[in-house]
Amino acid sequence: QVQVVESGGGLVQAGGSLRLSCAASGSFFSINGMSWYRRAPGKQRELVATVTSGGVTNYADSVKGRFTISRDNAKNTVYLQMSSLEPEDTAVYYCNADAVLRPWTTSFRYWGQGTQVTVSS
């Protein structure tokens, strides 16, 4: 099985920074894409950022220039550096990993439990 665990959330003032981490562990052959999503109170879950195994990144327009996604393939870990945080960034942040369990098979998406980020004004 594959476990995905996020860490690094918390309470921060507007304009501040936080760094989220997410590690995938367990029995798998490789990890393809890794992503961060968030769900704000009363809103649908939205994609924040993605990174491929080759390091290609993509961001939601709302976070471009403020958030940076990166990954350490050796540690199967993805990071989300969040800067210039705004109250509108308050949400539960979820990480996922697309894990290939065996060679030459399709990947499955595994989700973490989420970590709360609260930005006070």
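The values are calculated or read from the model by the stated rules, or taken from the named source; none is laboratory data. Keep in mind the model is a prediction, meaning the values are calculated, not measured. Keep in mind that these areas ignore ligands, DNA and RNA; they rest on the heavy atoms of the full protein, side chains included. Shrake-Rupley method; radii C 1.70, N 1.55, O 1.52, S 1.80 Å.
Per-residue HN-Hα couplings for segment 68-78, Karplus 6.51 cos²θ - 1.76 cosθ + 1.60 at θ = phi - 60°, whole Hz, x for Gly and Pro?
The phi angles translate into 10, 9, 8, 8, 10, 5, 5, 9, 6, 10, 10 Hz.
Quick one: what are the phi-derived ³J(HN,Hα) couplings along segment 104-121, Karplus 6.51/-1.76/1.60 with θ = phi - 60°, whole Hz, x for glycine and proline?
Rounded to whole hertz, the list is 6, 10, 6, 8, 10, 9, 10, 10, x, 7, x, 9, 7, 10, 10, 10, 8, 8.
So who's got an amide H within less than 5 Å of the one on Leu101, skipping anything under 5 residues away but keeping other chains? H placed 1.01 Å off N, in plane.
Long-range HN contacts for Leu101: Phe29, Phe108.
Using a 1.4 Å probe on the protein chains only, how many percent of the accessible area of the chain belongs to carbon and sulfur?
49
Taking only C-alpha pairs under 8 Å that are 6+ residues apart, what is the relative contact order of segment 1-45 in percent? Write down the numbers at each step before the final one.
Working: 37 pairs, mean separation 16.5, N = 45.
Reported as a whole number, the value is 37 percent.
Residue by residue, what Karplus-based ³J(HN,Hα) values in Hz, rounded to whole numbers, does segment 26-33 have, using 6.51, -1.76 and 1.60 with θ = phi - 60° and x for Gly and Pro?
Once θ is set to phi - 60°, the couplings for segment 26-33 become x, 9, 7, 7, 7, 10, 8, x Hz.
In square angstrom, what is the accessible area per residue of segment 2-121 with a 1.4 angstrom probe? Write down the numbers at each step before the final one.
Numbers: 6340 Å² over 120 residues.
Dividing the accessible area of segment 2-121 by its residue count gives 53 Å².
Report P(r) for the chain: all Cα-Cα distances, bin width 10 Å, range 0 to the bin holding the largest distance, values in whole percent.
15, 47, 29, 9, 1
Please report how far the C-alpha centroid of segment 4-55 lies from that of segment 85-101, rounded to the nearest whole angstrom.
Taking the Cα centre of each part, segment 4-55 and segment 85-101 sit 3 Å apart.
Heavy atoms of the protein only, probe of 1.4 Å, neighbouring chains included. What is the accessible area of Arg39 in Å², nearest 10?
Ignoring ligands and nucleic acids, Arg39 comes out at about 110 Å².
How do Phe28, Phe108, Phe67 stack up against each other in accessible area, from largest to smallest, with a 1.4 angstrom probe? Each step should come with its number before you reach the end.
Numbers: Phe28 45, Phe108 105, Phe67 5 Å².
Descending accessible area places them as Phe108, Phe28, Phe67.
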